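One structure is given below, encoded as structure tokens.
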């Protein structure tokens, strides 16, 4: 039987994973984006060593958000399920009017 992690152990593991992710040298990764011209502002992603994903704005390439594989999977599944769909006023479903 596998041992169950305590909440403190889970928090420590997640902190360690995040620190390792941000310590990676990502200067040589390939950035992917939606089609468009160089003047268009786009979200770009890169698959990082170890399974993580980097995300940046094409107009601000120096600022990179980094996600573990589990975080990225949760984000993608949420997007597919419509968690981030906005209404006609530009609000997420959970935002007040």
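Looking only at region 66-97, which residues are loosely packed, with under 11 Cβ neighbours inside 10 Å and closer than 17 Å to residue 21 by Cα?
none
Which of the residues spanning region 43-62 are farther than 15 Å from residue 28 by Cα, part of a strand (DSSP E or B) and touching a strand residue (DSSP E or B) at 6+ places or on another chain (Cβ under 8 Å)?
Matches in region 43-62: 43, 57.
Do any residues in region 38-57 that are in contact (Cβ under 8 Å) with a residue 24 or more places away in the chain and at positive phi have Cβ atoms under 6 Å from those of residues that are outside any strand (DSSP E or B) and surrounded by 11 or more Cβ atoms within 10 Å (Cβ to Cβ), where the two are at least six apart or on different chains, and which pairs are they?
Qualifying pairs under 6 Å: none.
What's the number of the only condition in (1) at positive phi; (2) modelled with pLDDT of 90 or more; (3) surrounded by fewer than 10 Cβ atoms within 10 Å (Cβ to Cβ) that residue 25 fails to meet?
Here residue 25 clears every test but (1).
What number goes with the only condition from (1) out of contact with any helix residue (DSSP H, G or I) (no Cβ under 8 Å at 6 or more places or on another chain); (2) surrounded by 10 or more Cβ atoms within 10 Å (Cβ to Cβ); (3) modelled with pLDDT of 95 or more that residue 48 does not pass?
Status for residue 48: all satisfied but (1).
(1) part of a loop (DSSP other than H, G, I, E, B); (2) closer than 17 Å to residue 75 by Cβ: which one isn't true of residue 36, the others all being true?
All conditions are met except number (2).
The values are calculated or read from the model by the stated rules, or taken from the named source; none is laboratory data. As the structure is a prediction and not an experimental result, all values here were calculated from the model. A quick note on method: Cβ atoms are made from the backbone with ideal geometry, for glycine too, and the neighbour counts reach across all protein chains shown.
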